[in-house]
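To start, the structure under review is shown below, and the notes come after it.
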Amino acid sequence: MSDKARFLTGSTMRHVMVMTLTGSAGLVFMFLVDVATLFWVSVLNVERMVAALGFAWTIQFFTISTGIGFMIATTALISRSIGQGNLELAQKQTMTAAIYTVAFQALLSLVVVIYRFEILGFAGAEGQTLEDAARFLAISVPSLPFMALGMTGSAVLRSVGDAIRSMSVTMSAGLIAVVVDPLFIFGFGMGLDGAAWGMVVSRTGSALLSVWFVVRVHDMAARVTFADLQRMLRPFFWVAVPAVMTQLSTPFGNYILTKVMSAYGDAAVAGWAVVSRIAVLAFGGIFSLSAAIGSIIGQNFGALQFDRVKQTYKDALVFCFVYTLIAWALLAVFHAQVARLFNLGPEATVVLTAFMLIAAGGYIFSGALFVSNAAFNNLGKPIYSTACNWFRDGVLIYPSCVGMGWLFAAPGVVYGQALAAVVAGVIAMIFAWKFVVKLEAEARIQES
């Protein structure tokens, strides 16, 4: 057995906890810096700029999510190859994934920069808020290929079970931003533009570190020929395309949420901007679950250990439930302090409070959806995760948010998001469990 196939033995719950907590540590730290950036901008005491960040982050969420989709495909293929004991193939898959991911992100970044005004305008931004958000995107979006390279490296490190270095890649972006953000925003007097340039610098540093770990520490990259790229094109995109489509559903839903929220004014959007950052900060463990357990499921699937696949899925659901309850309780306790920290007005505070006291509980079911996505993506059925996610974000989000908004005004939009998560999460969990159990039963029949 290869020393990189670390998930084929030992407690599956321990693997889930180690991979998820280290993943969430890096993710939470990265988003903590985003929250810090939002805080520094809020210190300028211009609510329009906070709203501009909200609109800009909504658009960036789309481009980042495509990178996450490619990262999921990278993890699924490489972890499976390692589980099968084929290290040479895994090394070539690493290089292929990096080439495809960076090229796609570069093209996508170009499109967003060219059409940024139209995209932001459709989301509901207007006037000076639109100008500020468009300038933020023009500076920060071209750095997305570097971020994608860092994400690919992190996926490779997870595939070989190196949770610490994978976490370090993510945290490095945050550590750099901690230094450069206040320097650019206040020291150089660049304001909102400084926040965008800080993002560029931090993403570049993270990408360089990931390349060092993958190439120099783990020797997980091999030269590929054009023939290799052609040969691996279909298996990579067979997972990547539905994974990207799955990931795009979340920013699409967020885009719809922002558009519906914009009808209640810049103050409501400012409150929503804070909610978005607080959510990823509080529920970093939930957001990292899918990527964290993907490598565990992938290795055991490659080794045909279906009993461990099923146990991993169960353990991840248990972890999700406990984690969400703890995070929700902390949000409820500190909701008033958070509103004061970001200098939110009465209307924005109402939106934030609605999330922290009530709607945050919906992440129990969002987590179940993420866990189910990991099972589908790494067990050869990525289209199932696409269907579940788009059912939530393409079918349920808009009517839920508009209907709840009609009943409860701006806070109702937040309640509508939670309602859609509950329905989609329950359905995804039922389908994924049946699928995993069926795989195990088929394996037992073949053995007998």
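Values in this text are rule-based calculations from the coordinates and carry no lab data. Not measured: the values here are computed from a predicted model. All Cβ positions, even for glycine, are placed from backbone atoms using ideal geometry, and neighbour counts span all protein chains on display.
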Among the listed pairs Lys314/Lys434; Lys381/Lys438; Lys92/Lys381; Lys381/Lys434, which are separated by more than 21 Å between their Cα atoms? Lys92/Lys381
Only Cα pairs under 8 Å and at least 6 apart count here; give the relative contact order of region 6-447 as a rounded whole percent. 24
Counted neighbours (other Cβ, 10 Å), sorted fewest up, put Tyr398, Tyr264 in the order Tyr398, Tyr264
So, relative contact order of region 139-286 in percent, Cα under 8 Å, 6 or more apart, is 23
Would you mind ranking Leu38, Leu379 so that the residue whose beta carbon has the fewest other beta carbons within 10 Å leads the list? Leu379, Leu38
Cut-off is 10 Å between beta-carbons; in what order do Trp433, Trp406, Trp57, Trp272 appear when sorted fewest neighbours first? Trp406, Trp433, Trp57, Trp272
For the chain, with a Gaussian network of springs between Cα atoms less than 10 Å apart, report the residue from Met199, Met17, Met261 with the top mean-square fluctuation. Met17
Considering the options Ala90, Gln128, Trp272, tell which one lies farthest towards the positive end of the dipole of the chain, charges being +1 on Lys and Arg and -1 on Asp and Glu at the Cβ, about the Cα centre. Ala90
Go ahead and set up a Gaussian network model of the chain, Cα springs under 10 Å, then flag whichever of Leu107, Leu120, Leu419 fluctuates most. Leu107
With +1 on each Lys and Arg Cβ and -1 on each Asp and Glu Cβ, and nothing else charged, work out how big the dipole of the chain is about its Cα centre, in Debye to the nearest 20. 980
Listed residues Gly403, Gly425, Thr353: farthest to the positive end of the dipole of region 293-445 (Cβ charges): Gly425
What does the charge count near Lys314 come to, summing +1 for each Lys or Arg and -1 for each Asp or Glu among other residues with Cβ under 12 Å from its Cβ? -1
Please give the calculated 222 nm ellipticity per residue for the chain, where each DSSP H segment of at least 4 residues contributes -39500 (n - 2.57) and the sum is spread over every residue; nearest 500 deg cm²/dmol? -28500 deg cm²/dmol
Simple spin-label model, 7 Å along Cα-to-Cβ: Leu107 to Leu304 in nm? 3.8
So the angle from the long Cα axis of helix 363-378 to the longest Cα principal axis of the chain, reported in degrees to the nearest 10, equals 40
Identify which of the listed values of volume of the Cα convex hull per residue in Å³ was calculated from the structure shown: (i) 141; (ii) 123; (iii) 156. (ii)
